[in-house]
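Okay, so here's the structure we're looking at.
The values are calculated or read from the model by the stated rules, or taken from the named source; none is laboratory data. Source: prediction; values computed, not measured. For neighbour counting, all protein chains shown are included, and Cβ atoms are generated from backbone atoms with ideal geometry for every residue, glycine included. Only protein heavy atoms, including side chains, enter the accessible area calculation; ligands, DNA and RNA are left aside. Shrake-Rupley method; radii C 1.70, N 1.55, O 1.52, S 1.80 Å.
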Amino acid sequence: MSINKIIHGISEVLFPRYCLMCDRTLSSNEKLVCSDCIANLPYARISSVSDNFLEEKLRLKIKVESASSLMIYDKRDNNHKLIYLLKYHNRYDIGVTLGEMGAAEMIDSGRFNDIDIIIPVPLHKKRLKERGYNQSMAIAEGISGCMKIPVVDDVVFRHVNNESQTHKDNEQRWSNSDNIFTVNDNPSLNGKHILLVDDVITSGATITGCAKKIMEKYDVRISVFSLATVL
């Protein structure tokens, strides 16, 4: 047995890792979440489905090429704990790992093969300072690493620090998302196919507002990915 394996074994005993969902001790080949919890996540399984429910929702407001979500979001399911830890408890690694899982689905689907760049939905600079990171950037980095597509985060900015959408109804969400984004000059975007990335899509107001601003300024195609979608 190599010295590295011995050190790793000792580390597993002294500093055990626990599943972020069920608190079971993780085995050496498990990462963040145990295999049972991974298997039982409420997967959306829509990457390969044309005109899926997310595309239909978004196409009521904007033109999207394709859209996918890794999971269905429901507070009665335990996956909401992962989203909460990602957004509010400094677990950037959750976003990267789940982004990698989403990327694997998109690659297998064949419907996202011509994406040119990835743009994470931005946070306002005040909220970014408070949180220390943008959770959508974490997801985008996970996708980028698998799909070998660059992440661009200096094009779209959120200039209005609007209130959280969490407890708002759909009408309030749409009102709360009007004209909150600005887009920088970057003529090289013209003709590109952009993958716009967010954490959770509920009404679609935020990601639609972001996409509209990009499409008003540039001749682009837009696809969408989120970690979770509320039905």
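For the subset of region 75-122 comprising residues that are in a loop (DSSP other than H, G, I, E, B) and within 13 Å of the chain's Cα centre (by Cα), which member is nearest to SER48 (Cα to Cα)? That would be VAL121.
Matching residues to (1) under 22 Å from THR229 (Cβ atoms); (2) open to solvent by less than 50 Å² (accessible area, probe 1.4 Å); (3) out of contact with any strand residue (DSSP E or B) (no Cβ under 8 Å at 6 or more places or on another chain):
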{"site": "MET106", "(1), (2), (3)": "yes, yes, no"}
{"site": "GLY110", "(1), (2), (3)": "yes, yes, yes"}
{"site": "ASP116", "(1), (2), (3)": "no, no, no"}
{"site": "PRO120", "(1), (2), (3)": "yes, yes, no"}
{"site": "LEU123", "(1), (2), (3)": "yes, yes, no"}
{"site": "LYS126", "(1), (2), (3)": "no, no, yes"}
{"site": "MET137", "(1), (2), (3)": "yes, yes, no"}
{"site": "ILE149", "(1), (2), (3)": "yes, yes, no"}
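Only residues that are surrounded by fewer than 16 Cβ atoms within 10 Å (Cβ to Cβ) and within 19 Å of ASP36 (Cα to Cα) were counted across region 63-73, and they come to 0.
The listed residues are ILE119, ILE46, ILE115, ILE72, and the only one of them that is of a type in the set (Val, Ile, Thr), without any contact (Cβ under 8 Å) to a residue 40 or more places away in the chain and either in contact with a Phe, Trp or Tyr (Cβ under 7 Å, 6 or more places away or on another chain) or within 23 Å of ILE222 (Cα to Cα) (or both) turns out to be ILE46. Taking the numbered list (1) outside any loop (DSSP other than H, G, I, E, B); (2) acidic (Asp, Glu); (3) in contact with a helix residue (DSSP H, G or I) (Cβ under 8 Å, 6 or more places away or on another chain) in turn, GLU55 passes all entries but (3).
Going residue by residue through region 166-186, is there one that turns out to be within 19 Å of the chain's Cα centre (by Cα), modelled with pLDDT of 90 or more and open to solvent by less than 20 Å² (accessible area, probe 1.4 Å)? Yes, the conditions are met somewhere in region 166-186. For ASP93, the stated conditions hold: it is open to solvent by less than 80 Å² (accessible area, probe 1.4 Å) and of a type in the set (Asp, Glu). Against the conditions (1) hydrophobic (A, V, I, L, M, F, W, C); (2) under 30 Å from CYS34 (Cβ atoms); (3) open to solvent by 60 Å² or more (accessible area, probe 1.4 Å); (4) assigned to a loop (DSSP other than H, G, I, E, B), LEU60 satisfies every one except (2). Looking across region 198-207, the residues that are touching a strand residue (DSSP E or B) at 6+ places or on another chain (Cβ under 9 Å), outside any loop (DSSP other than H, G, I, E, B) and either among the hydrophobic types (A, V, I, L, M, F, W, C) or modelled with pLDDT under 95 (or both) come down to VAL200, ILE201, THR206, ILE207.
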